[in-house]
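Computed from the coordinates by the stated procedures, all read-outs in this text should not be read as laboratory data. Owing to the predicted nature of the structure, the values given are computational and were not obtained by experimental measurement. Every residue, glycine as well, gets a Cβ built from its backbone with ideal geometry; the counts of neighbours run over all protein chains shown.
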């Protein structure tokens, strides 16, 4: 028994292992879905991550307390901060989901699919890197940080 427990203080931060595993599962599956090329799967992944964050706030908020009535002992009252954080997480996830929903609908209208297409510039850069070539727009003269006057002075000092 710890000194705090002997003094009458119980730990309010003993997390429920089941809820911790639920949080880990929701965030892990949500992350896996969010890394997919389909925007519907990205949308579902963001929903799962948002719900995982809300459950995480529930886990770290501790045990439920009593309602804050006048005349009650403040030590037995609920802390309102975790409740406010859960509401904030819900609002942020709702805004993110709304944006992704509009983005996926617009992509479906334009291309008829919800898959994010490969970017042509990214494919070109990957091909150049694979072939160990430089771009046509690359200018080696822009690589140096010295000016032409500094190069001329360096040439005079050597000569």
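So here's what we get for this one:
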item: Spacing of the two label points (7 Å from each Cα toward its C-beta) at residue 36 and residue 18, in nm; result: 2.8 nm
item: Calculated FRET value between residue 118 and residue 84, using beta carbons and R₀ = 35 Å, to 0.05; result: 0.25
item: Extension gain, residue 60 back to residue 126 (0.36 nm per residue minus Cα-Cα distance, nm); result: 19.4 nm
